[in-house]
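Take a look at the structure below.
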């Protein structure tokens, strides 16, 4: 367990949940999440609380959400209700993450609602042309499967998404969350917060190569999630792709 904490940078809960699913750990001694946290608090392990990026941190600062008031396209209120239960694969949330104010580069982030598989794609600029280019690249990568993998995308009303409906017309249905309602894209918001473990706020996005960004989101997709019964998003995503092939 110590190896998973230190090597993979996983939370104690992720380690306990993941090992409980592995055949190789079936006959090995394990502890509960609470006990593992107690061991860390008592300095029984080499891992310390400061080493745990998933340790709960509360931010009491008021968050100012800058969004256009105008909904750019079809409202989330018109999105099919069956998308809400996350039982069907292929429904995504999209956002952008900016770095240093003086840095034009940004990241386009997408998360699939069922598997929680996440992408972060380097953008030259935080504008609709850069977003359209990144989405075109994704279409080329997935080829004929794109429309099955990306059935719908739910966005906020940032100007960088102003052309998203047009660029994906006839391929993917695009919906827009209500202004000032980031909770309507809660999965993406949470994953962007997780991304900040690797790319802190204020850090220039241009400091990171395409390859390093890819390694970051792949690491995130290998993290066992309690909400997925400690399965890994990457494994679940591959299973869904295999069903489409």
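The values are calculated or read from the model by the stated rules, or taken from the named source; none is laboratory data. Please read all numbers here as calculations on a predicted model, not as lab measurements. Because the Cβ atoms are built from the backbone with ideal geometry, glycine has one as well, and the counts that use them run over all protein chains shown.
For the range 111-137, enumerate the residues that are free of Cβ contacts under 8 Å to residues at least 24 places away in the same chain and touching a helix residue (DSSP H, G or I) at 6+ places or on another chain (Cβ under 7 Å).
124
Would you mention how many residues in the range 99-110 are in contact with a strand residue (DSSP E or B) (Cβ under 8 Å, 6 or more places away or on another chain) and touching a residue at least 60 places away in the same chain (Cβ under 8 Å)?
6
Working only within the range 181-225, note down all residues that are surrounded by fewer than 14 Cβ atoms within 10 Å (Cβ to Cβ) and in contact with a strand residue (DSSP E or B) (Cβ under 6 Å, 6 or more places away or on another chain).
210
Any residue at all in the range 190-212 that's under 11 Å from residue 117 (Cβ atoms) and modelled with pLDDT of 95 or more? Don't jump to the end; show me each part of the working.
Going residue by residue through the range 190-212, those that are under 11 Å from residue 117 (Cβ atoms) are 191.
Narrowing further to those that are modelled with pLDDT of 95 or more: 191.
Among the residues of the range 190-212, at least one is under 11 Å from residue 117 (Cβ atoms) and modelled with pLDDT of 95 or more, which makes the answer yes.
Does residue 178 count as within 22 Å of residue 82 (Cβ to Cβ), at pLDDT below 95 and assigned to a loop (DSSP other than H, G, I, E, B)? Lay out the reasoning, then the answer.
Details: within 22 Å of residue 82 (Cβ to Cβ): yes; at pLDDT below 95: yes; assigned to a loop (DSSP other than H, G, I, E, B): yes.
The answer is yes for residue 178.
Six or more apart or on different chains, Cβ atoms under 7 Å: show the pairs whose first residue is in the range 159-171 and closer than 14 Å to residue 130 by Cα and whose second is in a loop (DSSP other than H, G, I, E, B).
Short answer, once both residue conditions are applied: 159/68; 160/126; 160/127; 161/72; 162/72.
For the range 77-105, which residues satisfy the criterion of being crowded, with 19+ Cβ neighbours inside 10 Å, modelled with pLDDT of 95 or more and in contact with a helix residue (DSSP H, G or I) (Cβ under 8 Å, 6 or more places away or on another chain)?
89, 90, 91, 93, 94, 95, 96, 97
What about residue 165, is it surrounded by 20 or more Cβ atoms within 10 Å (Cβ to Cβ) and modelled with pLDDT of 95 or more? Working first, answer last.
Numbers: surrounded by 20 or more Cβ atoms within 10 Å (Cβ to Cβ): no; modelled with pLDDT of 95 or more: yes.
It is false that residue 165 is surrounded by 20 or more Cβ atoms within 10 Å (Cβ to Cβ) and modelled with pLDDT of 95 or more.
Of the conditions (1) modelled with pLDDT of 95 or more; (2) more than 14 Å from residue 119 (Cβ to Cβ), residue 153 satisfies every one except a single condition; which number is it?
Every condition holds for residue 153 apart from (2).
Please count how many residues of the range 204-234 are in a loop (DSSP other than H, G, I, E, B) and closer than 16 Å to residue 108 by Cα.
The qualifying residues number 3.
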